[in-house]
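FYI, it's all coordinate maths here, none of it is from the lab. Everything quoted here is computed from the prediction, not taken from an experiment. Every residue, glycine among them, receives a Cβ derived from its backbone with ideal geometry; neighbour counts consider all protein chains shown.
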Amino acid sequence: MINSDQQVSDKHRIKCSTAQLPIRLLLGPGPSNLHPRVNQQLITPMIGYTDVNYFKVMDETMELMRYLFQTDNHFTIPISGAGTAAMECCVSNLIEPEDVVVCLVAGYFSDRIHQQAVRYGSKIQRIEKKWGQYFSLEEIKEQLEKHRPKLLTMVFGETSTGIKQPMQGVGELCHQYDCLLMVDTVAALGGVPFFVDQWKVDACYTGGQKCLSGPPGISPLTFSPRACKKIAERKTPIANWYLDATLLAGYWCPEYNFATSQITSPQPLRRYHHTTPANLIYALRESILLVSEEGIENTWNRHRSAAHQLYQGLARIGLEPLISELNDKNDLGGRLYSLTTVKVPEGIDAKLFMKSLLDKHNIEIAGGIGELAGKIWRVGLMGFNANNSNVTLLLSTLEETLK
Ligand code: PLP
């Protein structure tokens with residue numbers, strides 16, 4: 001019985017029915033629409049986190065993520081959290097308070113990495129370029145030479161500007177300077193060619209909700225043996241308990257030794273760290289399984305083909321892309337296939353235009369953020385949504401709404 005002098009308040013006890021949301025075509029910077037097979041996984045029955053059937057799903061998810069990242073890294077796990085949590089996992093594990101770090105900043109998300117980095121380290125160098133630009137190899141070399149950092153951070157596909165950072169030679173350079181390389185691929189992985197091992201990237205992460213057509217809130221992450229060794233040799237504790245990679249490994253891959261990269265056999269028992277979001281993990285597994293069934297090169301080509309159709313259509317209806325450099329080669333910088341930024345023509349209210357697309361046609365695109373607010377629209381062709389029929393529909397709707 002509840003004590004009579006305690007009274008339940010009904011102040012917040014609102015009456016509402018089960019949520020019913022409109023079905024939209026999500027052609028903004030993410031989330032993209034879920035693939036039906038992924039959606040189905042979200043209603044799969046719950047299972048305990050020590051069930052052997054769940055362990056099998058975990059192992060398969062890790063292996064599929066290695067395919068997605070194009071890596072052999074043993075420490076390749078999904079972070080239970082948004083892309084921002086995976087970002088913070090990298091930053092909190094790889095930065096010690098006295099480490100010199102160089103953050104390359106040319107957009108909203110590279111700025112976010114910098115904002116996180118200054119919370120974990122006191123010697124963070126912010127190297128800034130105008131939004132919409134990328135960093136050349138010479139510029140990166142100059143910064144490595146000048147600051148001799150322990151860690152270099154960058155964004156591969158910058159969602160706020162639609163630029164793709166070229167990766168050619170960056171990893172080799174970082175190795176030469178004994179520096180770890182951390183790369184954000186949230187808006188690109190699965191849609192644009194990226195090779196963690198071949199490009200010598202030490203820390204990389206993405207989100208489920210963009211080019212994978214998966215749910216938000218679950219974020220693949222991988223650390224190279226060099227990154228794991230750095231973590232094992234830290235002199236200071238990792239300041240973030242939830243994202244401490246050594247504790248997460250206790251559940252995901254207890255057989256892995258961070259200091260030596262050796263694998264213990266048989267696998268020690270998995271230790272509870274936090275209750276992982278089982279359905280999000282099933283859904284993520286399914287979304288990467290779809291990429292694997294299609295073949296990742298075909299997935300990249302599908303994104304490229306949809307983007308090219310969009311570029312041609314935009315030119316035909318008189319809309320100009322923000323990023324003029326196209327660069328069709330794998331690891332050159334220029335336009336990001338998965339996210340195209342378009343200049344808002346003179347005399348058009350960017351917000352009203354987007355509202356009209358949403359209200360009349362159920363199509364979501366996004367506006368600019370930060371210094372590009374009101375100046376651009378952002379069109380995402382990500383994952384399942386990156387196909388020619390969506391582009392045809394979008395172009396005819398844009399044309400009609402512009403009239
Ligand atoms: N990095 C990039 C490039 C992004 O586009 C985003 C999200 O849009 C993030 C990081 C953060 O991801 P999330 O919103 O899942 O935290």
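Treating the beta-carbon of each Lys and Arg as +1 and of each Asp and Glu as -1, no other charges, what is the dipole magnitude of the chain about its Cα centre, to the nearest 20 debye?
Roughly 600 debye for the chain.
Work the Kirkwood hydrodynamic radius out for the range 141-220: mean of 1/r over every pair of different alpha-carbon atoms, inverted, in Å.
One decimal place: 13.3 Å for the Kirkwood radius.
Just rank CYS90, CYS228, CYS16, fewest to most, by other beta-carbon atoms within 10 angstrom.
Placing the least packed residue first, the sequence is CYS16, CYS228, CYS90.
Assuming R0 = 41 Å, can you tell me the calculated FRET efficiency for the pair ASN301 and VAL52, based on Cβ-Cβ distance, to the nearest 0.05?
For ASN301 and VAL52, the calculated efficiency is 0.60.
Using the C-alpha gyration tensor of the range 243-401, what are the square roots of 5 times its eigenvalues, in whole angstrom, with the largest one first?
With the √(5λ) rule applied to the range 243-401, the semi-axes are 41, 18, 17 Å.
Compute the semi-axes of the equivalent ellipsoid of the chain, taking the square root of 5 times each eigenvalue of the Cα gyration tensor, and list them largest first in whole Å. Provide the component values of the computation, followed by the final result.
Details: eigenvalues 225, 175, 91 Å².
Square roots of five times the eigenvalues give 34, 30, 21 Å.
For GLU98 and LEU358, calculate 0.36 nm times their separation in residues minus their Cα-Cα distance, and state this gained length in nm to one decimal.
My answer for the length gained is 88.7 nm.
Strictly over 20 Å apart at the Cα level, which of LYS164/LYS351; LYS150/LYS229; LYS164/LYS329; LYS360/LYS403 would you flag in this model?
LYS164/LYS351, as the Cα separations exceed 20 Å there.
Taking a cut-off of 12 Å between Cα atoms, list the aspartates and glutamates near LYS355, but don't count ones fewer than 8 places away on the same chain.
GLU364
Taking DSSP loops as anything outside H, G, I, E and B, show the longest stretch in the chain free of GluC sites (Glu not before Pro) there with at most 16 other beta carbons within 10 Å.
99-232
With the Cα gyration tensor of the range 1-92 in hand, give its eigenvalues times 5 under a square root as the equivalent ellipsoid semi-axes, listed largest first in whole angstrom.
Semi-axes from the Cα gyration tensor: 36, 22, 17 Å.
Could you tell me the calculated FRET efficiency between LYS130 and GLU233, based on Cβ-Cβ distance and R0 = 30 angstrom, to the nearest 0.05?
0.20
In vacuum, with every alpha carbon of the range 64-111 counted as one equal point scatterer, what does the Debye formula give for log10 I(q)/I(0) at q = 0.14, 0.16, 0.20 Å⁻¹? Two decimals, please.
Those come out to -0.50, -0.64, -0.92, one per q.
To check you understand DSSP bridge types, tell me what percent of the beta bridges within the chain (both residues inside) are antiparallel, rounded to 5.
So the antiparallel bridges amount to about 50 percent of the total.
Of the options THR185, VAL170, PRO149, report the single residue whose Cα projects farthest towards the positive end of the charge dipole of the range 124-211 (beta-carbon charges: Lys, Arg +1; Asp, Glu -1).
Working it through, the farthest residue towards the positive pole turns out to be THR185.
Given the convex hull over the Cα atoms of the range 258-349, what projected area results after averaging over all orientations, in nm²?
Numbers: hull surface 47.2 nm².
Value for the range 258-349: 11.8 nm².
Give the separation of the Cα centroids, the range 1-44 to the range 333-360, in Å.
29
Work out, step by step, the length gained on full extension between LYS15 and ASN327: first 0.36 nm times the residue separation, then minus their alpha carbon distance; give nm to one decimal.
Contour length minus the Cα-Cα distance gives 106.9 nm.
Could you give P(r) for the range 257-312, binned at 10 Å from zero, as whole percent values over all Cα-Cα pairs?
Histogram of Cα-Cα distances, whole percents per bin: 17, 22, 30, 19, 10, 2.
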